[in-house]
Number of protein chains: 6
Amino acid sequence: MPIVELHILEGYTSNDKQRLGTVLTDAVRLVVPAPPEAITIMIHEMPTDRYYRGGEQRMGAPALEDPAKVVRAFLDAMQARQLDQARALLADGFVMQFPGSPALTRLEDMVDWAKPRYRFVTKTFDGFDTMQGAGQAAVVYCRGTLSGEWPDGTAFDGIRFIDRFEVAGGKITKQDVWNDIAETRAQT
Amino acid sequence: MPIVELHILEGYTSNDKQRLGTVLTDAVRLVVPAPPEAITIMIHEMPTDRYYRGGEQRMGAPALEDPAKVVRAFLDAMQARQLDQARALLADGFVMQFPGSPALTRLEDMVDWAKPRYRFVTKTFDGFDTMQGAGQAAVVYCRGTLSGEWPDGTAFDGIRFIDRFEVAGGKITKQDVWNDIAETRAQT
Amino acid sequence: MPIVELHILEGYTSNDKQRLGTVLTDAVRLVVPAPPEAITIMIHEMPTDRYYRGGEQRMGAPALEDPAKVVRAFLDAMQARQLDQARALLADGFVMQFPGSPALTRLEDMVDWAKPRYRFVTKTFDGFDTMQGAGQAAVVYCRGTLSGEWPDGTAFDGIRFIDRFEVAGGKITKQDVWNDIAETRAQT
Amino acid sequence: MPIVELHILEGYTSNDKQRLGTVLTDAVRLVVPAPPEAITIMIHEMPTDRYYRGGEQRMGAPALEDPAKVVRAFLDAMQARQLDQARALLADGFVMQFPGSPALTRLEDMVDWAKPRYRFVTKTFDGFDTMQGAGQAAVVYCRGTLSGEWPDGTAFDGIRFIDRFEVAGGKITKQDVWNDIAETRAQT
Amino acid sequence: MPIVELHILEGYTSNDKQRLGTVLTDAVRLVVPAPPEAITIMIHEMPTDRYYRGGEQRMGAPALEDPAKVVRAFLDAMQARQLDQARALLADGFVMQFPGSPALTRLEDMVDWAKPRYRFVTKTFDGFDTMQGAGQAAVVYCRGTLSGEWPDGTAFDGIRFIDRFEVAGGKITKQDVWNDIAETRAQT
Amino acid sequence: MPIVELHILEGYTSNDKQRLGTVLTDAVRLVVPAPPEAITIMIHEMPTDRYYRGGEQRMGAPALEDPAKVVRAFLDAMQARQLDQARALLADGFVMQFPGSPALTRLEDMVDWAKPRYRFVTKTFDGFDTMQGAGQAAVVYCRGTLSGEWPDGTAFDGIRFIDRFEVAGGKITKQDVWNDIAETRAQT
């Protein structure tokens, strides 16, 4: 049965509303054991002159960028080693951590750190998981497998990885990476 | 501004409704850049005789167990090696994968597989992330650090880990584990 | 999709609300080609101190008796020739018409009129149809077959009939009857 | 007091909405003893991108044709013996029954069956009653009087009739007819 | 928290809706101790073909003129002794009373009555208060200070006054005036 | 037509809700030219566990005392010269002004100031007008006539007066008084 009515100020795109339809449906499903088809979302949009708080009209703010999209753009730029594009997606105070690495704050440091570990690496994605975190940031997980070449030029693939990102205000504030590279090297 | 009205059948506990208040607020925040205090949730409960679908009264189903609670109970049981209690939380078709392990379906196999790797291991949690997955299952991530003893009795700690669980109908269907154990061993 | 929210004053029984759930579902189905299961009815009841018109609290009136029930009770009383009970269900100004009869206003006149036509008659019901009429009255149709004995004592059965009733304020104001008695007699 | 809010997908015509306003008002009046002026209907239309079920946008279907209009068109075509036009309004499996007739499935058979009974017949309508049936079909009653000529060319009029139709998906599935023709003939 | 949803027929201007936003917020604040920012007003407008009472569409009436604006226009016209313009704002049956005056019904009489009391007077406004009265009329208070010249040509200013107006249907039905003119004269 | 739905936290008394019903009706009437009977107010109360802001349950605050009641209690106490009771109804920073008086902050000063003016005075009320002011305070007007005795023991009555009060948080912050005492004395 659950029926959700969302009242928002006018100004959201069809895509924003589709995203709201999806996240609200998913939110209900976390608690109520209803099949998705039984969950109805209705979005009511209020033009500015029909919504008042404290007797005053209010302006809506543009929707947040989909955090998974931000992460995907960052990963694509990093894989292509387009550091400027990748950097444009980072918030001040960004910090990243890889298996065995110290906390890194600059993409160049990460590139340097990775150099003795592999010539290049390509990610094949099995899935993204996105949610709002307890604080201000959204959390995006992406997981899949790595393929690439070891420093000696031999190829590898099928190595499991998972990345956890925090995204606030459309910028990435934190990246944590886990993978089986060391496990794979230990077995070879 | 966003105001969410949720209509559900009567029968949910105060705790269920608090969970709904939280997940709906978080869902809106993924799309609308409003501070949490600006997001209002109103839950309207319908007694059975005031809700009809197809002209017929419908019964509400009890709320789903919080998936993070299920995961936490499983992790506690596994750490204490109370395999029966842990097993009770698993769905048919459960499968788990650890760094370097094959796909495992029985907890005993996992215990055997782990034996040559460490004497015991204790998890310190940095955080849980819960969200509805695209399919039927909820997804729970927990991350933190491992401490314990290597097979030779020397201690280790501060090794990063992350677990990804899928939980459907209150039972765990899948566990995927990543950690820096191999990385740590390679460095020592 | 259609979702109907009905706001009424508190005081209706569960049975009244079930009837409202049914008639509202049926009303929507007359216009919208949705399967019944896709039509949701939510009834919101307002306690007296939460509903104001003209700034004043209002009292709800008890639900109308189901007009089909009134008709059924009348037909049962008539068949048993319990004229007093039947008469109690009639409004002032009640008028009835049978095939070939004049307009009759008293049940006794109807009984007299029927005497030369059949010794007794029993109705087997195929169905009742109830709807609100354009004016104040509800309209109830019942149809089925008649069985009984002709004045000469021979039996008949399977003769089609249909009755149309108007019911206002729980009382019957009008009855119109059609049947195949004359057709049957003409064929025999 | 009763206030009805109907939420439907966008796409209905003003005429469709007027019909919904009428049938919902009538539905409430069957149960609640409120004068029509006290019954308020508000129809809320949802554009496709503001309504989600299972997280997916849904398309509304065009409104059903008014079943009484379908019946009226059929009766007009039959009276004019425009059998093709009449036949276009019939569903597969259509069946009709007249006083003394067998169950007929083809209009031609009905015409043949009627020939020895009257030269022609014209209907004067006293009223139509429409409602949703318990199954898929709407039910339409029309009643009034017949005039025409007997096979011998003499005229008749004022003969009561009532037709009951079932209409599903804009097509007539069933017609049942009662009238006083035999009664009238018996009396002459 | 208070959230007010107002359903009105379509046709009100943005300014009308702003006025509704303000008066509804103020109304809630008279009873609920919430800061204005915590009070939300949502105005839902119904196009004519989506609102039915008694199954019939209804036309909305244009908004009432702001009663304080009517009063202000009257006071401006009176101060400029544009009696025709002022008179156009008066309802039939208008009556006014000044300190020490009889009940006056014609503006000319008021002008005559005032002549021996002051050569002219100018109002400086400290504030207007507007509210709906118990009957049909709105009540407007305006208060401030008077300046002008006594009949002997000496100037005065800073004399407190308050006017109470009743306004119905956009016309002034009643004016009552209090001021400190006599008090001031007694002290000089 | 206007229909107002008010959503508030549970905990208001029937009397509070009646007051809300009245002030919301009156507020609408200031803008929409509908007769009171055409204005419907529905109050929806939310139990604490069904209302969330920022994902957290909120507590409702008790209703404000009716400002006109506070004023009436103050006027009754003053007339009876029960200064302690009257003083208990005053806010810090209270200030009052009478015709010809300076701004007074203490009730004793007002009593002293009045002594040479009249032996005692009794108010007969013609009406109270209450509204929310632009700031935090509600505004209450009361008007009517004064009767009493002049210092020389002669009686007076029928002298018009009007008081304007500001009331915030249940306490009076300001009283302004106008009357025809000086006018009356000048005429005698």
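The values are calculated or read from the model by the stated rules, or taken from the named source; none is laboratory data. Everything numeric here is computed off the predicted structure, so don't read it as measured data. As a convention, Cβ positions derive from the backbone with ideal geometry for all residues, glycine included, and neighbour counts pool all protein chains shown. Each accessible area value is taken on the protein alone, full model and side chains, heavy atoms only, with ligands, DNA and RNA left out. Shrake-Rupley method; radii C 1.70, N 1.55, O 1.52, S 1.80 Å.
A single entry from F:81, F:72, F:50 fulfils the requirement of being charged (D, E, K, R) and modelled with pLDDT under 95: F:81.
Among the conditions (1) in contact (Cβ under 8 Å) with a residue 12 or more places away in the chain; (2) more than 30 Å from residue A:28 (Cβ to Cβ); (3) open to solvent by 40 Å² or more (accessible area, probe 1.4 Å), residue D:83 misses just one, which is (3).
Please determine whether any residue of segment E:28-41 is of a type in the set (D, E, K, R) and under 26 Å from the mean Cα position of the chain (by Cα). Taking every residue of segment E:28-41 in turn, at least one turns out to be of a type in the set (D, E, K, R) and under 26 Å from the mean Cα position of the chain (by Cα). Tallying residues that are over 16 Å from residue D:50 (Cβ atoms) and touching a Leu at 6+ places or on another chain (Cβ under 9 Å) within segment D:3-15 yields 2. The set of residues from segment F:96-107 being surrounded by 15 or more Cβ atoms within 10 Å (Cβ to Cβ) and hydrophobic (A, V, I, L, M, F, W, C) comprises F:96, F:98, F:104, F:107. Of all positions in segment F:148-167, none carries a residue that is more than 19 Å from residue F:79 (Cβ to Cβ), open to solvent by less than 20 Å² (accessible area, probe 1.4 Å) and modelled with pLDDT of 95 or more.
When residue E:125 is tested against (1) surrounded by 15 or more Cβ atoms within 10 Å (Cβ to Cβ); (2) within 16 Å of the chain's Cα centre (by Cα), exactly one condition is not met: (1). With respect to the conditions (1) within 11 Å of chain B (Cβ to nearest Cβ); (2) among the β-branched types (Val, Ile, Thr); (3) in a loop (DSSP other than H, G, I, E, B), residue C:4 lacks only one, and its number is (3).
Of the numbered criteria (1) touching a residue at least 24 places away in the same chain (Cβ under 8 Å); (2) at positive phi, the one residue C:159 fails is (2).
Taken over segment A:5-17, the residue count meeting the criterion of being closer than 20 Å to residue B:33 by Cβ and open to solvent by less than 50 Å² (accessible area, probe 1.4 Å) is 7. Taking the criterion of being touching a Gly at 6+ places or on another chain (Cβ under 6 Å) and on the phi > 0 side of the Ramachandran plot, the only residue of segment E:34-90 that qualifies is E:55. Note on segment F:51-72: residues that are outside any loop (DSSP other than H, G, I, E, B) and over 18 Å from residue F:161 (Cα atoms) total 8. Could you go through segment E:66-77 and let me know if any residue there is in contact with a Pro (Cβ under 8 Å, 6 or more places away or on another chain) and buried (at least 19 other Cβ atoms within 10 Å of the Cβ). Among the residues of segment E:66-77, not one is in contact with a Pro (Cβ under 8 Å, 6 or more places away or on another chain) and buried (at least 19 other Cβ atoms within 10 Å of the Cβ), which makes the answer no. Go through segment F:164-188 and give me each residue that's over 11 Å from the mean Cα position of the chain (by Cα) and either of a type in the set (D, E, K, R) or more than 21 Å from residue F:140 (Cβ to Cβ) (or both). If the condition is that a residue be over 11 Å from the mean Cα position of the chain (by Cα) and either of a type in the set (D, E, K, R) or more than 21 Å from residue F:140 (Cβ to Cβ) (or both), then F:176, F:180, F:181, F:182, F:183, F:184, F:185, F:186, F:187, F:188 are the ones that fit.
Can you pull out every residue in segment F:32-52 that is touching a Pro at 6+ places or on another chain (Cβ under 9 Å), more than 19 Å from residue C:7 (Cβ to Cβ) and crowded, with 19+ Cβ neighbours inside 10 Å? Within segment F:32-52, F:32 is the sole residue that qualifies. Among the residues of segment E:64-80, just one is touching a Lys or Arg at 6+ places or on another chain (Cβ under 8 Å) and free of Cβ contacts under 8 Å to residues at least 60 places away in the same chain, namely E:79.
Just one of (1) modelled with pLDDT under 95; (2) in contact with a Pro (Cβ under 8 Å, 6 or more places away or on another chain); (3) within 27 Å of residue D:184 (Cα to Cα); (4) not aliphatic (A, V, I, L, M) fails for residue C:180. It is (1). Taking the criterion of being in a helix (DSSP H, G or I) and at the interface with chain C (Cβ under 8 Å from one of its Cβ atoms), the residues of segment F:25-37 that qualify are F:25, F:26, F:36, F:37. Among the residues making up segment F:93-135, those that are in contact (Cβ under 8 Å) with a residue 60 or more places away in the chain and over 22 Å from residue F:151 (Cα atoms) are F:93, F:94, F:95, F:96, F:128, F:130. Between C:54, C:93, which is over 18 Å from the mean Cα position of the chain (by Cα), farther than 25 Å from residue D:14 by Cα and of a type outside the set (Val, Ile, Thr)? Checking each option against the conditions leaves just C:54.
You will find that of F:52, F:12, the residue that is within 14 Å of chain B (Cβ to nearest Cβ) and of a type in the set (Phe, Trp, Tyr) is F:52 and no other.
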